[in-house]
Structures are given as C-alpha cells and as structure tokens.
Amino acid sequence: MSHVFPRHTKSELPVAAGGDGCYLIDAQGRRYLDCGDAAVSCLGHSNPSVIRAVQEQVEKIAFAHTGFMTSEPAEALADLLIEHAPGDLDRVYFVSGGSEATEAAIKLARQYFLEIGQPERRHVIARRQSYHGNTLGALSAGGNAWRRAQFAPMLIEMTHIAPCYEYAEKPNGESSFDYGQRVANELETEILRLGPDTVMAFMAEPVVGATLGAVPAVEGYYKRIREICDQYGVLLILDEVMCGMGRTGHLFACDHDQVAPDILCIAKGLGAGYQPIGAMMCTNRIFDAIRDGSGFFQHGHTYIGHPVATAAALAVVRELTVHDLPARAGVMGEKVQSALEAALGQHPNVGDIRGRGLFRGIELVADRDTKQPFDPAHGVAGKIKKAALAEGLICYPMSGTRDGRLGDHILLAPPFIIEDAEVDEMVGKLNNAITAVI
Ligand code: PLP
C-alpha cells in the first residue's frame, strides 16, 4: 500500500519511471505522449543540456540562502530574462512555482503603494474564470468558482470582472474588437465603483489556461486594459505561469498583445519540469520604491533563488532562445490547429478549437448550435482524460465555470520539440478518446 497522499485519492496512477523526448515511460515500459502535463515540459523529458546543468550545479553548490548570498546561475538567469523581457521589466524575484509567483506579485503591489505613500490602495481586480494558483492569496485572485468554493470564507476580498471569452460570451452581431473593448471597459467601471484611489492592481492571464483551455484575448483588449491601468495608476500584473516561456509562439505571451505589464509572473516552462521554479519580474519603478524606501521586500520563502533550480532554468532559457523554440512552437501550433480541425472540426460535440502556439484548447459542448455545455454530472473531460491515458496520451482536462455552469475543455500543451508524426499521433489518440466517450 502506498503512503503517498495523491491529489486524486480514488484512482491508481501509473509510476513514472523514465522520459524520452515527448514521451513519459511508466514502470511497465508503456510510453505516453506527454501533451498535457500542465504545460510544464516545454523541452521534453530528456534534454541533455538541462540535465547536465543540474548535475554540474549540484556538484558546485546545491543551496545558499538568499538572505546571505546570491549565486552565479541566479544572476545569469535574471540577466537573460531581462534581456528578452517586455517593456520596462528590470528585476527578477525567483520563487519555487506559479502560486508563489502570483502571491508575491499581489504582496509586491501592496508594498509598492505603501512605500510611495498610498496606503489606501488595497483592492485587486481579477477576472471570472481565471486561475492564479492555490495558495490563499492566489486563490482569492482566481475566479474559478469550483476551486474557490470550499475555501470561500478564508479568501481575501477581491473583485472579478468578465474574462475576454469570445466563443462563449460575444453576442452575435458584435465585432470581436468591439466585444474586447466592451469587456475591457468593465475594468474602468469596477475601478470607479471601488474608488480609483483604493485599487492597486489588475491581474489576468494573457491566454487563459487552467480554467478555460487556451483562450487568448481578442485584438485590442489588452491595449485598452493597459490604457485604463495607466489612467488610474493601477498596476497591471500579467500571469504567464502557464502560457509564458515560449508556449504561445513568443517567449512572453504578452508580446503577442504588444502590451507590457508592471509585474509579470512566470513558472512552469521556466524550469521545464527539470526543477521547480517560478519568477516574478517587475519594473525598476517598483523595485526602486522599495530600495529607496524600507529597503526590504516583506515576503519570501526559504528556497527563493535556489541555485540548482536557477541553473536548470538558465539552461532552459538558453535552449529556448538559442534555438528559437518559441518560433517553433508557433509553427507547430498552426499544424496542431489544422490537424485538430481536420479530425474534430465536424464533431457534433466539439464547439471550439483555439489557442496560440503549442497551447491549444478544445471546448466540448452538448449542443454546437446553442453552445450549451454538458451537464457537469457527465464528467466528460475527466472521462476523456482516462480514455486518452489508456491510448497512451496525456492531455489536460478541465471544467470551467460559465454562468455558474460547468463547461468541459481539453488542453493540449505538448513539448516544443514535437515532430509532425507526433502531432498526428496526438490528434489520432485524442480523436479516439473523444469518440469513445461522446
Ligand atoms: N497561474 C496560472 C495561470 C496557472 O495556470 C497556475 C497553475 O496551473 C498557477 C498560477 C499556479 O502555479 P503552481 O501550480 O505552480 O503553483
């Protein structure tokens, strides 16, 4: 009997015993095409440069607490990230994962306004149907009702505006652009309702991942969001924990929207699964306020800036940038989109196939014409996950809340090294799994 406390306590999981490119291999030697490990393994499971970087760093120094020392890989990684970062981002605060990054971003926003003498700024506005992590601050920002429900009495009060979710929420007859402007303007309405001097930040995912299945904003949405933030002195926090690090075809997903945030959160693809690591990047304006003020960011965890994790991430970012793998993700992503449309585009329960780069989502509906979601009791996405696993495919199922109802989505986020034959294999296996279930 296992003593591990798994997240799903009622199901038995295969044992991961090895990795080979895009494949995970279990203890029985079965191979699984890994297209859904929560968008982590952007380089696949056996990248020699990253493995070597981890080994070399452990041999040099495994751990040095950042309260006493910095480390070479942390310094080099911060330099490399800033070299490629959007806008005025100039400082990198390393953490151990996505929730830590968004949690730190919320606290940084608060401390920034304290340092500049605006203590009344305390509200964070986020969006419905979003996910920013599972710690209580991050969960408070997230707008996924299912994930929040049982912790509701413990969450920090934050408010949520509409997401930019064209497929489900744009009325017929309204142009994409007008729809984007209208939902972006909800931010202004909410800032005015709360009182402009009390709002510190707006937080959003450039491409929504874990609650909606790869939903990018329509053109113009983020530019309008940026304008509103600037007008009211509100910080824009972009959460690229899932969609960042090249997955959408650009190293940073917001590059596509041509908008730069004040604070940017990254994780998953940063360590590519070789080490747990995330980061929060911010502008000098924010950093200087703390440096010239109290001189101490009142937030931190023991493993921030871990030398082995930063060494792994440094090797990952070098791989991404030297081989221009984000561009490859863009090209392969178009092939995935075409293959999915060819295989599933006419399926009566496939409502939408969408995404950017190698971040693709399939929305499953009971009725294509009305876009009516499945009854949540059917657990359609979960059944497809199981059927796909039996086929040897790992894909990421999810249910998002739409008007209080659950919708089913399948997210596909394969490694950027995926080849044409593996795209065919992925789409073929997913097609088999979907048709076996619905
Ligand atoms: N933010 C986004 C957009 C995510 O998708 C996730 C995880 O899926 C998180 C934050 C939380 O990251 P982690 O699970 O590494 O804490």
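The values are calculated or read from the model by the stated rules, or taken from the named source; none is laboratory data. This structure is a prediction, so every number in the text was calculated from the model and none was measured. Every residue, glycine as well, gets a Cβ built from its backbone with ideal geometry; the counts of neighbours run over all protein chains shown. Areas reflect the complete protein model, heavy atoms only, side chains present, ligands, DNA and RNA absent. Shrake-Rupley method; radii C 1.70, N 1.55, O 1.52, S 1.80 Å.
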Problem set entry | Unit charges at the beta carbon, dipole of the chain: most positive-side option, G407, G97, P119 | G407
Problem set entry | region 209-299: chymotrypsin sites (Phe, Trp or Tyr not before Pro) falling in loop per DSSP and having at most 12 other Cβ within 10 Å | F296
Exercise. Quick one: how many Å² of E83 are accessible to a 1.4 Å probe, rounded to 10?
Worked result: 130 Å²
For this session: Work out the FRET efficiency for L13 and L155 from their Cβ-Cβ distance, taking R0 = 30 Å, and round it to the nearest 0.05.
Result: 0.50
Exercise. When the accessible area of region 50-322 is computed with all protein chains present and a 1.4 Å probe, what percentage of it is carbon and sulfur?
Worked result: 52 percent
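Shape of region 215-306 from its Cα gyration tensor (a ≥ b ≥ c, root eigenvalues): rounded if a/c is under 1.5, otherwise prolate when a/b > b/c, or oblate? Mind showing how you got there, number by number?
Values: a/c = 2.92, a/b = 1.09, b/c = 2.68.
Judged from the Cα gyration tensor, region 215-306 comes out oblate (a/c at least 1.5, b/c at or above a/b).
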For this session: Please label the shape of region 8-70 as rounded, prolate or oblate, based on the square roots a ≥ b ≥ c of the eigenvalues of the alpha-carbon gyration tensor (a/c under 1.5 means rounded; beyond that, a/b larger than b/c means prolate, else oblate).
Result: prolate
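Once you list every other residue whose beta carbon is under 11 Å from the beta carbon of N185, what net charge do they have if Lys and Arg are +1 and Asp and Glu are -1?
Numbers: positive: R182, R224; negative: D178, E186, E188, E190, E227.
Overall, the nearby charge balance is -3.
Before I look further, what does the chain give for accessible area per residue, probe 1.4 Å, in whole square angstrom? Kindly include the intermediate steps, with their values, before the conclusion.
On the way: 18600 Å² over 438 residues.
Result: 42 Å² per residue.
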Seminar exercise, completed: For region 331-427, the accessible surface attributable to carbon and sulfur atoms (probe 1.4 angstrom, ligands and nucleic acids excluded) amounts in percent to 51 percent
For this session: Would you look at the GNM of the chain, springs on alpha carbons closer than 10 Å, and say which of M158, M280, M398 moves the most?
Result: M158
Problem set entry | For region 291-307, 3J(HN,Hα) per residue [Karplus equation, 6.51 cos²θ - 1.76 cosθ + 1.60, θ = phi - 60°, Hz, x = Gly/Pro] | 4, 7, x, 5, x, 8, 7, 7, 6, x, 10, 4, 8, 4, x, 4, x
For this session: Output ³J(HN,Hα) for region 360-375: one whole-Hz value per residue in order, computed from phi by the Karplus curve 6.51 cos²θ - 1.76 cosθ + 1.60 with θ = phi - 60°, and x for Gly and Pro.
Result: 10, x, 10, 9, 9, 10, 6, 9, 5, 6, 8, 6, 5, x, 5, 4
Exercise. What does the helix-only formula give at 222 nm for the chain: each DSSP H stretch with n ≥ 4 adding -39500 (n - 2.57), the total divided by the residues, and the result rounded to the nearest 500 deg cm²/dmol?
Worked result: -12000 deg cm²/dmol
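Work through the residues other than I156 whose Cβ is under 14 Å from its Cβ and net out their charges, Lys, Arg +1 and Asp, Glu -1. The partial results should precede the final answer.
On the way: positive: K107, R110, R122, R148; negative: E103, E157.
Local net charge: +2.
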For this session: Considering the convex hull of the alpha carbon atoms of the chain, report its projected area averaged over all viewing directions, in nm², one decimal.
Result: 21.1 nm²
For this session: Show the residues, 5+ positions off or on another chain, whose built amide H is closer than 5 Å to the amide H of L364.
Result: G351, D408, H409, I410
Exercise. Which of the peptides 107-116, 56-65, 258-267 is most tightly packed, and how do the rest follow, going by the mean number of other Cβ atoms within 10 Å of each residue?
Worked result: 258-267, 107-116, 56-65
Exercise. How large is ³J(HN,Hα), in whole Hz, for each residue of region 112-119 in order, when computed from phi with the Karplus curve 6.51 cos²θ - 1.76 cosθ + 1.60 and θ = phi - 60°, using x for Gly and Pro?
Worked result: 4, 5, 5, 5, 9, x, 10, x
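Among residues other than V15 whose Cβ falls under 13 Å from its Cβ, what is the net charge (Lys/Arg +1, Asp/Glu -1)? Mind showing how you got there, number by number?
Values: positive: R30; negative: E12, D26.
Spelling it out: positives minus negatives among the neighbours equals -1.
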Exercise. Under a 1.4 angstrom probe, counting protein chains only, how are V15, V336 ranked by accessible area, largest first?
Worked result: V15, V336
Seminar exercise, completed: Restricting to lysines and to Cα separations under 30 Å from K385, and discarding same-chain partners fewer than 8 apart, the set is K10, K170, K268, K335, K371, K429
For this session: Of the options L235, V199, L13, report the single residue whose Cα projects farthest towards the positive end of the charge dipole of the chain (beta-carbon charges: Lys, Arg +1; Asp, Glu -1).
Result: L13
